[in-house]
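Undergrad: One structure, as structure tokens, below. Some questions next.
The values are calculated or read from the model by the stated rules, or taken from the named source; none is laboratory data. This is a predicted model, so every value here is computed, not measured. Neighbour counts are summed over all protein chains in view; Cβ atoms, including those assigned to glycine, are modelled from backbone coordinates with ideal geometry. These area figures cover heavy atoms from the full protein model, side chains too; ligands, DNA and RNA do not enter into them. Shrake-Rupley method; radii C 1.70, N 1.55, O 1.52, S 1.80 Å.
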Amino acid sequence: MDPDQQDDFTSTPFHASHAVENKPSIWKKLGGGSLSISIIVHAILLAIGVVWIFQIIPAQEPKVDFMPKGGGGGSAGVKEVSNKKQRATMTTPNMPRMAAKGVASSFTLPEPDAASSMSSVGSLSSGGLSGGLGGSGSGGGRGDGHGTGFGSGMGPGLGGGAAGSVSPFGLVNPNANALVGEFYDTKQDTKRKPTDITPEKLGDLIQDFTRSWNDRILEKYYKAPQKLYLTKLFIPTMSANEAPKAYKCENEVEPSRWMAIYRGNVIAPKTGKFRFVGAGDDILMVRFNRKTVFDWGYTFGSMGGYSRRDRSKIYEVLSTGKGDKEAERNVRSQFPTRPGSNPISYEYPSTGIWNKALHGLGVGPEFDVTAGTTYPIEILISELPGGLFGAALMIEEVGATYQKAPNGSPILPIFRTDGSQPAPAKGECPPYDPQGPIWKAAGGSTKDI
């Protein structure tokens, strides 16, 4: 080594502190340097992530609760959980509509009414629309519980639902523009003990009852405490259990061998000749102005149990004026539609089962009315063996012009006491003209006239 270089080297003093600084510390031996860097990097990434999340989450809109906290005149009010369920069920989509292109016609399908459009609300209870559109308790209002609109609790409302919707068997609201309905179960007496009534015996009972329409004949049978109020009879084919459900006695009544009678007084909308058109599965009968003027179904109520077995023979007598001797005798002595009446029935494309089994909807005899005059009316429907039930009662003005079905049968208005339309049908039923006359109910009992 060069001496000068050695001098240069040895001329710089060496301190012990230098040796200590160059020696690795325990922190560095444990990887402290890289760990610090990693922690700092992750902290930065976490901060960036938090900022990004808060930027993409939108600010929550202020919640506006349109449902009332209570109402009515009964109990303390509706719980918040009930309000949430009502809000959830009321968000139903609009009803689908169908239209035919290139068809010129004044006949239109009716819009669903307010009650039927909200059928999902009825699913909140077994009684139909029983949550109320504004409050519960004994009031039934639209918000404050003091009105008589949609509601529930102990007061009037639009209850008595069929399959969670407004029941076509009638409303629980005592409407002044409605006929009053009472429900009987002939399988049990007033003490709920079984009777010996069979489907055929019920036919005989109805025959006996409709000779006078006297309630004393039915006094020994179970009568539902609930009354219903009917503005139109238009019941598409459905389970026969919907009747006891509507009258709130489904836990006490099996869905067979029941009957319902609707009574009231109606005011004729115009002077002229009219006739009822309709069908009942199993029985539909009408007495107007103290006279039986309609009887058409699987069983003819005027003829008792006999008629179910020999229905084809009865139709032969009605359409031709002659046939089976026993059928001739029964038709001529009891049946409201006499042989030779024209027409006997109307068939429609939408009533395939009724066309096959009943020759369509029966046409009753003509009767005269004077505008503004009040007439008593009674309507009887009944199901004998159980299963399915359906009924429709239309009104035809003799000599009037109506839209025609493809097969030529007239599209008639429903006999009704107010301007409401039936809910969209899911079962078999005839088409109808939504613009027909309104036979306004006069209130009171049929005994008042």
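Undergrad: Indicate the gyration tensor shape class of the range 259-317 (rounded, prolate or oblate), computed on the Cα atoms with a ≥ b ≥ c the square roots of the eigenvalues: a/c under 1.5 is rounded; otherwise a/b larger than b/c is prolate and the rest oblate.
TA: It comes out prolate by the Cα gyration axes.
Undergrad: Calculate, in nm to one decimal, what S312 and R332 gain on full extension: separation in residues at 0.36 nm each, minus their alpha carbon distance.
TA: Full extension of this stretch gives 5.6 nm more.
Undergrad: On to the next question. Calculated FRET efficiency, D368 and D324, Cβ-Cβ r, R0 22 Å, to nearest 0.05?
TA: 0.10
Undergrad: Go through the range 321-391 and name the trypsin sites (Lys or Arg not before Pro) that are in a DSSP coil and have 13 or fewer other Cβ atoms within 10 Å of their Cβ.
TA: Sites meeting the loop and neighbour criteria: K322.
Undergrad: Cα centroids of the range 343-369 and the range 372-407: how far apart, whole angstrom?
TA: Rounded to whole Å, the Cα centres lie 9 Å apart.
Undergrad: Please give the charge dipole size of the range 320-445, origin at the Cα centre, charges +1 on K and R Cβ atoms and -1 on D and E Cβ atoms. Round to the nearest 20 debye.
TA: Here the range 320-445 has a charge dipole of around 180 debye.
Undergrad: A follow-up question, please. Which FRET efficiency value, to the nearest 0.05, do you get for L45 and S239 by plugging their Cβ-Cβ distance into 1/(1 + (r/R0)^6) with R0 = 60 Å?
TA: That gives a FRET efficiency of 0.40.
Undergrad: Principal axes first, then extents: for the Cα atoms of the range 370-449, list largest minus smallest coordinate on each axis, whole Å, largest first.
TA: That works out to 41, 38, 21 Å along the principal axes.
Undergrad: Where Lys and Arg each count +1 and Asp and Glu each count -1, what net charge lies around I261 among other residues with Cβ under 9 Å from its Cβ?
TA: Value of the local net charge: -2.
Undergrad: Something else now. Run the numbers for K220 and S350: contour at 0.36 nm per residue of separation, minus the present Cα-Cα distance, in nm.
TA: Stretched out fully, the K220 to S350 stretch lengthens by 42.8 nm.
Undergrad: Can I ask one more? Assuming a strict under-15 Å limit between Cα atoms, what lysine pair count do you get for the range 217-288 once near-sequence pairs (fewer than 8 apart, same chain) are dropped?
TA: Final tally of qualifying lysine pairs is 4.
Undergrad: Could I ask something else about it? With a ≥ b ≥ c the root eigenvalues of the C-alpha gyration tensor of the range 244-394, is it rounded (a/c under 1.5), prolate (a/b larger than b/c) or oblate?
TA: Oblate shape, in that a/c is at least 1.5 and b/c is the bigger or equal ratio.
Undergrad: So which trypsin sites (Lys or Arg not before Pro) in the range 232-276 end up in coil per DSSP with only 15 or fewer other C-beta atoms within 10 Å?
TA: Hits after loop and neighbour filter: K270.
Undergrad: Where does each of E219, E366, E252, E378 land when they are ordered by accessible area, with a 1.4 Å probe and the largest first?
TA: I get E219, E366, E252, E378, largest accessible area first.
Undergrad: Here's another thing I want to ask about it. Any chance you could run the full-extension gain for R192 through T271? It's 0.36 nm times the residue separation minus the Cα-Cα distance, nm to one decimal.
TA: Value of the extension gain: 23.8 nm.
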